[in-house]
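Working notes, structure below.
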Amino acid sequence: MRSKTLLLSAALPALIAASAMPASAETLKTVASFTVLADVVKQVGGDHVTVTSLVGPNGDPHEFEPSPADAKHLKAAQVTFVSGEGLEGWMDRLITASGYKGTPVTVSEGIDTRTMEEDGKTVTDPHVWNSPVNVKIWVKNIEKALSDADPADAAAFKANAERYTRTLDELNSYAHAKFDAMPEDRRKVLTSHDAFGYFGREYKVSFLAPLGVSTETEASAADVAKLIEQIKTEHVKTYFFENSNDPRLVKQVAKATGAEPGGELYVESLSDAKGPAPTYEKMFRYNVDQITAAIAKSS
Ligand SMILES: [Zn+2]
């Protein structure tokens with residue numbers, strides 16, 4: 001089901017918000033690798049930038065087949081943003097294919113990243129944005145890159161960055177208020193891949209996932225069997241789908257364990273404008289509400 005969405009979104013890169021405005025010589029053309037990052041760039045850049053997201057709404061940022069139009073957008077970009085930490089494995093190939101001469105700004109630089117064991121290797125968890133505390137560092141890096149590229153608008157970028165940082169602080173307080181009120185041993189949920197590590201670290205929620213940190217590898221039968229055992233021993237009662245992944249595996253695990261569906265989470269991709277998560281702010285609140293409601297129901 002999701003692979004269809006992915007193909008569509010790969011063919012039609014999303015022009016976010018600013019694309020409706022007439023092009024002006026003073027508007028900075030920027031490209032972001034995926035929708036969550038594109039939204040944050042838009043928050044900081046305001047009217048002074050146009051932002052094109054390469055991976056579209058509901059698309060998977062790990063696995064992406066860029067189209068010729070994506071290559072064109074990238075080549076024309078004055079500033080390009082990636083999250084980094086291994087998320088956009090497809091970006092180097094696209095840079096080469098497009099003839100883009102710049103160096104993408106890695107917005108996750110400076111974040112206290114977490115590592116995990118996957119198939120015997122230590123890998124960095126790229127899903128930093130699922131904690132708004134980390135997104136504050138994105139904002140700093142984005143503000144600096146935009147001001148370097150367009151010094152005339154530096155004051156506006158600074159004001160936008162300060163305003164949006166306050167929004168991120170509010171999101172963090174909102175999540176803490178909801179989770180801190182719940183007993184810690186109840187804060188356990190099942191998702192399809194391990195994208196909530198930073199969220200779990202901040203709000204002390206355990207997320208169990210049949211896939212690892214990337215959607216590129218498939219879970220083995222032994223991994224799935226081990227996970228089912230773990231869910232039974234730890235009495236996990238709720239499971240979630242993701243908007244950008246195939247839900248079959250998580251359904252299979254839930255069936256074997258009797259866990260109840262909690263709904264859909266937006267882990268690494270915004271919804272389209274009509275969906276419940278068209279901005280990072282809405283996405284984060286939506287996820288917090290979904291998870292806390294499900295935990296409250298199964299407690
Ligand atoms: Zn992911």
### Task
Order these peptides, 198-205, 265-272, by their mean beta-carbon neighbour count within 10 angstrom, highest first.
265-272, 198-205
### Query
Can you give the three extents of the C-alpha atoms in region 181-298 along their principal axes, from longest to shortest, in whole Å?
39, 35, 23
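Quick one: work out Rg over Rh on the C-alpha atoms of region 58-160, Rh as Kirkwood radius. List each step's numbers first, then the result.
Numbers: Rg = 15.3 Å, Rh = 15.3 Å.
Radius of gyration relative to Kirkwood radius: 1.00.
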### Query
Among the listed pairs K72/K144; K75/K274; K42/K255; K42/K101; K101/K204; K29/K188, which are separated by more than 32 Å between their Cα atoms?
K42/K255; K101/K204; K29/K188
### Query
To the nearest µm²/s, what D does Stokes-Einstein give for region 128-234 at 37 °C and 0.692 mPa s, using the Kirkwood radius over alpha carbon pairs as Rh?
201
### Task
For the chain, take the alpha-carbon Rg, divide it by the Kirkwood Rh, and send me Rg/Rh.
0.97
### Task
Give the long-range amide H neighbours of T80: residues separated by 5 or more places, or on another chain, with amide H under 5 Å away, using H modelled in the peptide plane at 1.01 Å from N.
V31, V105
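Every number here is computed from the coordinates shown, using simple stated rules; none is lab data. Keep in mind that what you see is a predicted model, and the values were worked out from it rather than measured. Cβ coordinates were reconstructed from backbone atoms using ideal geometry, including for glycine residues, and neighbour counts include every protein chain displayed.
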